[in-house]
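Data first, discussion second: the structure below is written as structure tokens.
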Amino acid sequence: MTRILVIKLGALGDLVLAFAPFAAIRAHHPQAHITLLTTLPFVGLASASPWFDAVAVDGRPAWWNLAGLRRLRGQLSGFDFVYDLQTSGRSSRYRRLAGKAGWSGIAPGASHPDADPDRDRLHTRRRQAGQLAQAGIADVPEPDLSWLRPHGPTPPGRIALLVPGAAPHRPAKRWPAERFGALATHLARSGHTPVIVGAAADRRLAAIIRQACPPALDLTGRTSLLELGGLAGRATLAIGNDTGPMHLAAAMGCPSLVLFSAESDPALTAPLGRSADQVAILRVPDLAHLPVAAVVDRLAALAPDESLAPAARLAP
């Protein structure tokens, strides 16, 4: 049996953008035994998917950690072909530990190199599709994510997901939590159930939002990624910063408004939906200056069927 290794270490948004390549690799190798090498936070989500026969955890050992490198060499050995979808300096070094396996990626000496000189100027999905094309996989369609839908809670009413968090070391990627609170109040008045999602570290932000809007439901740190995917599949709206859960919401087909600052470039990393008009990007140089009314107006244009109250009715 052909043994295939796929490398994708994270983060969540990057993993979600790789769903289509994962599905394309499985379709191209229907009888192969396919293993994903990833990091611990993504094991549950990847294991539940239909694309992998096994999921291995990369402990990311330091290069001076000889025992850790021996374990990693064992994880990388015995494969016929490796698709490195991480394409980082670290994952490229793994080729030296993988023996004689064929290799798709940017590592020196790769048997199927991604030699596109513009690859770093492409959106992640386009870059990965180009990489797979050079490895013989020409078709990378939208994946079937029905396996995610049964999971997670089912809050009452029309669910509006709020994602106030972002990478802790990049605070400029966050719209102020107080404005999420004002937005939550507006959504509740329009007949939605605001549901705040994110990591446990985002509970402080959720508390600020619930102070302004007590009916909002705080699920930060209370859902697995699998459950978050199912919840997003039932939501009618998602509004949040440029962070992983918004990628999951968009992938599940939820109408999504993603807030970008000058800290990141949507041309390279924007969440992708099931259709071109399902995801809207609102980018301003500094999110601290983005008013709630502008977000409400953009939401109303994105999801006209949601009967959102006009921004003019926002409380002062």
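The values are calculated or read from the model by the stated rules, or taken from the named source; none is laboratory data. Worth saying up front: this structure is predicted, and the values here are computed from it rather than measured. Heads up, the Cβs are rebuilt from the backbone with ideal geometry, glycines too, and the neighbour counts pull from every protein chain shown.
Selection of first residues in the stretch 224-244 that are in contact (Cβ under 8 Å) with a residue 24 or more places away in the chain and of second residues that are acidic (Asp, Glu) and in a loop (DSSP other than H, G, I, E, B), restricted to Cβ pairs under 8 Å at least 6 apart or on distinct chains, gives the following pairs, ordered by first then second residue: 242/263. Across the stretch 23-40, the number of residues qualifying as under 18 Å from residue 72 (Cα atoms) and either surrounded by 15 or more Cβ atoms within 10 Å (Cβ to Cβ) or not assigned by TED's automatic domain parsing to the domain that holds residue 136 (or both) comes to 6.
Does residue 45 satisfy the condition of being modelled with pLDDT of 95 or more, among the aliphatic types (A, V, I, L, M) and touching a helix residue (DSSP H, G or I) at 6+ places or on another chain (Cβ under 9 Å)? Spelling it out, residue 45 is indeed modelled with pLDDT of 95 or more, among the aliphatic types (A, V, I, L, M) and touching a helix residue (DSSP H, G or I) at 6+ places or on another chain (Cβ under 9 Å).
Among all residues of the stretch 169-177, there is at least one that is of a type in the set (Gly, Ala, Ser), in the same structural domain as residue 286 (by TED's automatic domain parsing) and in a helix (DSSP H, G or I). If you check 160, 138 for being of a type in the set (A, V, I, L, M), farther than 30 Å from residue 63 by Cα and crowded, with 18+ Cβ neighbours inside 10 Å, only one passes: 160. If you go through the stretch 123-141 one residue at a time, do you hit one that is modelled with pLDDT of 95 or more and of a type in the set (Asp, Glu)? For the stretch 123-141, residues modelled with pLDDT of 95 or more and of a type in the set (Asp, Glu): absent. Under the condition of being surrounded by fewer than 23 Cβ atoms within 10 Å (Cβ to Cβ), out of contact with any Leu (no Cβ under 6 Å at 6 or more places or on another chain) and not β-branched (Val, Ile, Thr), the residues counted in the stretch 249-276 number 14. Could you list all residues from the stretch 70-92 that are surrounded by fewer than 19 Cβ atoms within 10 Å (Cβ to Cβ), on the phi < 0 side of the Ramachandran plot and assigned to a loop (DSSP other than H, G, I, E, B)? Listed by number, the residues that qualify are 77, 80, 88. Residue count for the stretch 186-209 satisfying the condition of being within 22 Å of the chain's Cα centre (by Cα), farther than 19 Å from residue 232 by Cβ and assigned to a loop (DSSP other than H, G, I, E, B): 0. Residue 183 meets all of the listed conditions (1) assigned to a helix (DSSP H, G or I); (2) touching a strand residue (DSSP E or B) at 6+ places or on another chain (Cβ under 9 Å); (3) at pLDDT below 95 but one, namely (3). Looking only at residues of the stretch 93-105 that are in contact (Cβ under 8 Å) with a residue 12 or more places away in the chain and surrounded by fewer than 20 Cβ atoms within 10 Å (Cβ to Cβ), we find that the one that is farthest from the chain's Cα centre (by Cα) is 99. In this structure, residue 67 does satisfy being assigned to a helix (DSSP H, G or I) and out of contact with any strand residue (DSSP E or B) (no Cβ under 8 Å at 6 or more places or on another chain). Criterion applied to 26, 3 was being of a type in the set (Lys, Arg) and more than 24 Å from residue 251 (Cα to Cα), and the one residue passing it is 3.
Taken as a whole, the structure leaves residue 212 outside the set of residues that are in the same structural domain as residue 258 (by TED's automatic domain parsing), at pLDDT 95 or above, under 26 Å from residue 20 (Cα atoms) and over 17 Å from the mean Cα position of the chain (by Cα).
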